[in-house]
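Here you go, one structure.
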Amino acid sequence: MEKKIINDSSSETILFAAEELNTYLSRMLPNSILPAIQLNTEENPLSQLDHFSVQITKEGGTITGGNERSVLLGVYDYLHYLGCRFLSPEKCCEIIPQIDLDSLPASYQKQASFYHRGVCIEGADSLENILAFIDWLPKVGYNSFFLQFKIPYTFLARWYHHERNPFLTPENYEVKDAATDMDILEAALKKRSLLLHKVGHGWTGETLGYETVAWQPDGKPIKPEKQPFVAEIHGARELYMGIPANTNLCYQNTDAVDTFASLVTDYAKNNPNVDYLHIWLADEYNNICECKDCIQTTLSDQYVHLLNEIDRRLTAEKLDTKLVFLLYQELLWPPIKERLTNPERFVLMFAPISRTFESSYHLNEIPQEIPAYQRNHITLPTNLQENLAFLRGWQQLFLGDSFVYDYPLGRAHYGDFGYIHIARIISSDIKKLNQLGLNGYISCQELRASLPNALPNYVMGYTLFDQESDAEELIDEYFTAAYGTSSKEVKKYLSELSNLSSCDYLNGKGTRSNPFMAERLKTILHCCEAFLPVLKCHCSSLGKWENQFWNLLHYHNTYITFLAQAMYYLASDENEKSVIYWKKMREFICQNELNYQPYLDVYRILEVTTKYTGFSISDTEI
């Protein structure tokens, strides 16, 4: 069986792309001699956007990309053209058809709609979970991945320590283990030429002398020489709730600014592999400095001043690292006086964390003015128009590169029991990015978000690559591949669950006592029960499911039944019963976590339902 023809000087990514093409075509054409297909990169690409050309006959041909990553994207797109369906990060969820040589000819070109197309790590993840997700990203059109903090320890430790799952024994996992795993993850990203985003959280804690790799309290006292660096609140300079990552600085303190800027500069010098370095402040709001100097200005003005100082130092070091600045919490308010002196260095990241996911971005009726800023008394915007008003304010001052950092699969998706609604919202949001003046989208989300399936991420990836992609066509494509001849029946069932459930209600928006929601949840319980005969038809007498998607659908049915019962009693103002069923749900998913680990983030759903949904669970009961 012939190998593909590749250039002698092929890079690691081109070699990997050739290997992937060989592997999948060999499975699709098991009894055929494969034709020679050459993988090339353009010498002088006309666009920075990922783009590729596929020109193949039965005798062979070429896949040419504007860069090495684009070649890999072209390989996976060609395999998709031939009928492959990459439905989940898990290999067992791939659909690889048998074809003949007559199916091979293809002649087409594609270019991505947006430059920034990525995912940011959240939740509780094993090394294998993250590697599988990285492997999946280019298969469905993404080009970026974001590892938060300097080391993504907290996300890995949550899994290996089995936080919130009393049925699993915690494993030993330390920061040094995460550092080793980070090297493995970055190598996997480099192998695919995926863009690497890093850090964001942790700079303020590091400036205060704490190793900051999580949102955890640190019992060590602040060193005396660092005490003036801490934001003064109500006359005291202390760690905010004891957590360095959530503690702001006194940004008028020149030594604090110098230390912060030096940390960023040293990190950029020592990590040239980072494509986008995120510079964020504390991850809490209404805790900024009230000293006599700070109250003379705004946090956003201080932030821009800090960013300019970092830029000055990077320029002096001849470093071209891109810096990402964040519109989030107090930083939603634009600066009054300060402006970025070198806008080409920076990328604006709009993070509307408090938005609703009941509807998509609304481009009409955006307020002309934003609410007045009140130091340490801000209220985050909840409606989409107000969020977009803040973005418009910044865009009047900054015309450079930008993207939205959104959260459909961070919490909201747990409230959509069918995943159809959230997939449509994602598609609709992406189609409005150009009108919003944004050049892409990074999803801050759990990686284990594939129950009942991974449809939302599938729709997200393909729509970010091609904003003209039709959401319903992608949904039908996904369901046909996953559920075969029963796809329409499954789509109807999951659509009913989506229509009846509520992203907002599960995420704590609105009153908990809600008769309207209670009626909808009661109907969800009937839908789950009514679908059981369909599920049984796809299970053999030996208890084996037709494929993994039917297995997941059955597991999802039981999980949603418990969760809907708990939420029904919560909405009916029967709190004691709601807790009983929440505990039944917890026991069910915790006891089964190892069997369904890649598909449902048990840590995160338990955190969300206790922190936001409103179940009256004490810390000792969790």
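If you scan region 521-552, which residues turn out to be part of a loop (DSSP other than H, G, I, E, B) and under 32 Å from the mean Cα position of the chain (by Cα)?
Going through region 521-552, the residues part of a loop (DSSP other than H, G, I, E, B) turn out to be 538, 540-544, 546-547.
Within region 521-552, E546, N547 qualify.
Another one. Can you find a residue that is touching a Phe, Trp or Tyr at 6+ places or on another chain (Cβ under 9 Å) and either of a type in the set (V, I, T) or farther than 25 Å from V459 by Cα (or both) anywhere in region 182-193?
Among the residues of region 182-193, at least one is touching a Phe, Trp or Tyr at 6+ places or on another chain (Cβ under 9 Å) and either of a type in the set (V, I, T) or farther than 25 Å from V459 by Cα (or both), which makes the answer yes.
Closer than 27 Å to I605 by Cα and over 28 Å from the mean Cα position of the chain (by Cα): is that true of A518 in this structure? Write out each step before concluding.
Working: closer than 27 Å to I605 by Cα: yes; over 28 Å from the mean Cα position of the chain (by Cα): yes.
Against the criterion (closer than 27 Å to I605 by Cα and over 28 Å from the mean Cα position of the chain (by Cα)), A518 qualifies.
So that you can scan it fast, the table gives a plain yes or no per residue for (1) open to solvent by less than 40 Å² (accessible area, probe 1.4 Å); (2) acidic (D, E):
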{"position": "P221", "(1), (2)": "no, no"}
{"position": "E225", "(1), (2)": "no, yes"}
{"position": "P228", "(1), (2)": "no, no"}
{"position": "A261", "(1), (2)": "yes, no"}
{"position": "E290", "(1), (2)": "no, yes"}
{"position": "Q296", "(1), (2)": "no, no"}
{"position": "D301", "(1), (2)": "yes, yes"}
{"position": "I310", "(1), (2)": "yes, no"}
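Please find, among K139, K198, the residue that is assigned to a helix (DSSP H, G or I), of a type in the set (K, R) and more than 22 Å from V602 (Cα to Cα). Quick ask: steps written out before the conclusion?
Numbers: K198 fails: assigned to a helix (DSSP H, G or I).
Residue meeting the stated conditions: K139.
Regarding K337, is this residue over 30 Å from F417 (Cα atoms), assigned to a loop (DSSP other than H, G, I, E, B), in contact with a helix residue (DSSP H, G or I) (Cβ under 9 Å, 6 or more places away or on another chain) and basic (K, R)? If you could, list the steps in order and put the result at the bottom.
Working: over 30 Å from F417 (Cα atoms): yes; assigned to a loop (DSSP other than H, G, I, E, B): yes; in contact with a helix residue (DSSP H, G or I) (Cβ under 9 Å, 6 or more places away or on another chain): yes; basic (K, R): yes.
The answer is yes for K337.
Can you list the helices (runs of 4 or more DSSP H) found entirely within region 364-453 that contain at least 3 residues being open to solvent by less than 30 Å² (accessible area, probe 1.4 Å)?
Numbers: elements: 384-395, 420-431, 433-436.
Of the helices (runs of 4 or more DSSP H) lying wholly inside region 364-453, those with at least 3 residues that are open to solvent by less than 30 Å² (accessible area, probe 1.4 Å) span 384-395, 420-431.
One line per residue, one yes/no per condition, for (1) touching a Gly at 6+ places or on another chain (Cβ under 8 Å); (2) surrounded by fewer than 16 Cβ atoms within 10 Å (Cβ to Cβ); (3) at pLDDT 95 or above:
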position: A18; (1), (2), (3): no, no, yes
position: L34; (1), (2), (3): no, no, no
position: D50; (1), (2), (3): yes, no, yes
position: G61; (1), (2), (3): no, no, yes
position: R69; (1), (2), (3): no, no, yes
position: L79; (1), (2), (3): no, no, yes
position: C84; (1), (2), (3): no, no, yes
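One residue is enough: does region 103-123 have a residue meeting the conditions crowded, with 21+ Cβ neighbours inside 10 Å and in a helix (DSSP H, G or I)?
no
Continuing with the same structure: When residues of region 225-257 are filtered for being touching a residue at least 40 places away in the same chain (Cβ under 8 Å) and assigned to a helix (DSSP H, G or I), how many remain?
7
While we're looking at this one, here's another question. So S360 ticks every box in (1) touching a Ser or Thr at 6+ places or on another chain (Cβ under 6 Å); (2) under 30 Å from L277 (Cβ atoms) but one. Which box is left unticked?
(2)
Looking at (1) of a type outside the set (K, R); (2) under 12 Å from I430 (Cα atoms); (3) in contact with a strand residue (DSSP E or B) (Cβ under 8 Å, 6 or more places away or on another chain), which is the one condition that is false for T463?
Looking at each condition in turn, T463 falls short on (3).
Yes or no: L25 over 28 Å from the mean Cα position of the chain (by Cα), assigned to a helix (DSSP H, G or I) and crowded, with 18+ Cβ neighbours inside 10 Å? Even if it seems obvious, please write down each step before you answer.
Numbers: over 28 Å from the mean Cα position of the chain (by Cα): yes; assigned to a helix (DSSP H, G or I): yes; crowded, with 18+ Cβ neighbours inside 10 Å: yes.
Yes: the conditions hold for L25.
Anything in region 316-332 that is more than 19 Å from Y267 (Cβ to Cβ) and open to solvent by 20 Å² or more (accessible area, probe 1.4 Å)? List them, or say none. Quick ask: steps written out before the conclusion?
As a first pass, look at region 316-332 and keep what is more than 19 Å from Y267 (Cβ to Cβ): 327-332.
Passing the criteria: only Y328.
Please tell me if D573 is at pLDDT 95 or above, among the charged types (D, E, K, R) and surrounded by fewer than 15 Cβ atoms within 10 Å (Cβ to Cβ). Explain how you work it out, then say what you get.
Numbers: at pLDDT 95 or above: yes; among the charged types (D, E, K, R): yes; surrounded by fewer than 15 Cβ atoms within 10 Å (Cβ to Cβ): yes.
The answer is yes for D573.
Can you work out which of the residues in region 142-162 that are open to solvent by 10 Å² or more (accessible area, probe 1.4 Å) and part of a loop (DSSP other than H, G, I, E, B) is nearest to L263 (Cα to Cα)?
K150
With touching a Phe, Trp or Tyr at 6+ places or on another chain (Cβ under 6 Å) and closer than 22 Å to L299 by Cα as the only criterion, which of P244, P228 stands out? Explain how you work it out, then say what you get.
Details: P228 fails: touching a Phe, Trp or Tyr at 6+ places or on another chain (Cβ under 6 Å).
Result: P244 is the single residue among P244, P228 that is touching a Phe, Trp or Tyr at 6+ places or on another chain (Cβ under 6 Å) and closer than 22 Å to L299 by Cα.
State the number of residues belonging to region 509-529 that are touching a Phe, Trp or Tyr at 6+ places or on another chain (Cβ under 8 Å) and open to solvent by 30 Å² or more (accessible area, probe 1.4 Å).
Filtering region 509-529 down to residues touching a Phe, Trp or Tyr at 6+ places or on another chain (Cβ under 8 Å) leaves 514, 517-518, 521-522, 524-525, 527.
In the following step, the residues that additionally are open to solvent by 30 Å² or more (accessible area, probe 1.4 Å) were identified as 514, 522, 525.
Final tally of qualifying residues: 3.
Give the residue that is farthest from the chain's Cα centre (by Cα), with candidates limited to residues of region 176-199 that are loosely packed, with under 15 Cβ neighbours inside 10 Å and more than 25 Å from Q48 (Cβ to Cβ). Break it down into steps so the answer makes sense when it comes.
Residues of region 176-199 that are loosely packed, with under 15 Cβ neighbours inside 10 Å, as a first pass: 176, 179-180, 183-184, 187, 190.
Then drop every residue that is not more than 25 Å from Q48 (Cβ to Cβ), which leaves 176, 179-180, 183-184.
On the way: K176: 25, A179: 21, T180: 22, D183: 20, I184: 20 Å.
So the residue we want is K176.
Does any residue in region 457-476 that is within 18 Å of Q111 (Cα to Cα) and in a loop (DSSP other than H, G, I, E, B) come within less than 6 Å, Cβ to Cβ, of a residue that is open to solvent by 20 Å² or more (accessible area, probe 1.4 Å) and among the charged types (D, E, K, R) six or more places away or on a different chain, and which pairs are these?
Partner pairs satisfying both residue conditions: Q467/K431.
The values are calculated or read from the model by the stated rules, or taken from the named source; none is laboratory data. This is a predicted model, so every value here is computed, not measured. Don't worry about glycine lacking a Cβ; one is built from the backbone with ideal geometry, like all the others, and counts go over all protein chains shown. Note: areas computed on protein heavy atoms with side chains; ligands, DNA, RNA excluded. Shrake-Rupley method; radii C 1.70, N 1.55, O 1.52, S 1.80 Å.
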